[in-house]
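Q: Pasting a structure here, questions to come.
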């Protein structure tokens with residue numbers, strides 16, 4: 001399933017960034033702008049070395065991200081300050097699903113798989129919308145697990161220790177949703193990874 005695969009790639013991307021941040025002792029002394037640039041650089045490095053050649057079916061024809069991938073991710077990060085600004089552009093149907101999924105962050109009784117199946121069979125959504133929204137849901141699930149298991153490591157790697165789990169998890173899934181919808185799966189993974197990492201060090 002594409003959504004599960006993108007969620008896994010997203011978590012692998014975070015691992016890649018934090019592994020390399022751990023080796024960048026000067027990170028703490030950088031300005032926020034320079035930190036953002038470094039995180040973008042690591043994200044692009046991950047994409048180009050780990051997933052750039054991966055082919056995903058996201059529309060009725062096979063989709064392969066093109067050379068504009070870096071530009072598209074950079075533009076998304078520059079155009080949207082936080083996950084709330086992306087949430088504002090969701091249509092009512094999509095927002096309803098997103099709000100249900102958000103509850104899973106603090107309520108593990110929410111059936112994520114059932115929600116994904118409902119989205120996947122919603123005739124009111126286009127194929128690309130279903131892929132992007134299912135990816136949102138699975139990324140929220142995987143991101144919650146990632147940050148629950150890695151919060152102390154991330155605080156060591158990042159510039160501050162009082163990381164808001166809600167901020168980073170929602171940055172993950174909202175930016176991945178928008179990137180996937182607007183630019184395809186690799187753009188989605190990249191946007192989710194870098195937005196999450198930036199959120200963790202702001």
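Q: Within 10 Å of each residue's Cβ, count the other Cβ atoms and sort 109, 49, 139, 128 from fewest upward.
A: On the way: 109 6, 49 10, 139 32, 128 16.
Ordered by Cβ neighbours within 10 Å, fewest first: 109, 49, 128, 139.
Q: Just rank 138, 144, 19, 165, fewest to most, by other beta-carbon atoms within 10 angstrom.
A: If I rank by nearby Cβ atoms, fewest first, I get 19, 165, 144, 138.
Q: Give me the number: length gained by fully extending residue 106 to residue 85, i.e. 0.36 nm times residue separation minus the C-alpha to C-alpha distance, one decimal in nm.
A: On the way: separation 21, 0.36 × 21 = 7.56 nm, distance 2.20 nm.
Full extension from residue 106 to residue 85 adds 5.4 nm.
Q: Could you pull out which residues in the stretch 87-125 have an amide N less than 15 Å from a spot 7 Å beyond the Cα of residue 148, following the Cα-Cβ vector?
A: From the stretch 87-125, the list is 102-113.
Q: For the residues 33, 116, what sequence is obtained by ranking on other C-beta atoms within 10 Å, fewest first?
A: Fewest-to-most ranking of 33, 116: 33, 116.
Q: For the pair residue 32 and residue 99, how long in nm is the line joining their label points, each one 7 Å along Cα→Cβ?
A: 2.9
Q: Using r as the Cβ-Cβ distance of residue 71 and residue 49, and R0 as 25 Å, what FRET efficiency do you calculate, to the nearest 0.05?
A: Step by step, r from the Cβ atoms, then E = 0.85.
Q: Between residue 12 and residue 41, with labels modelled 7 Å along Cα→Cβ, what's the label distance in nm to one decimal, could you check?
A: 2.4
Readers should treat all values here as calculations from the given coordinates under stated rules, not as data from a laboratory. Small disclaimer: the values here were computed from a predicted structure and weren't measured. Virtual Cβ from ideal backbone geometry, glycine too; neighbours counted across all protein chains shown.
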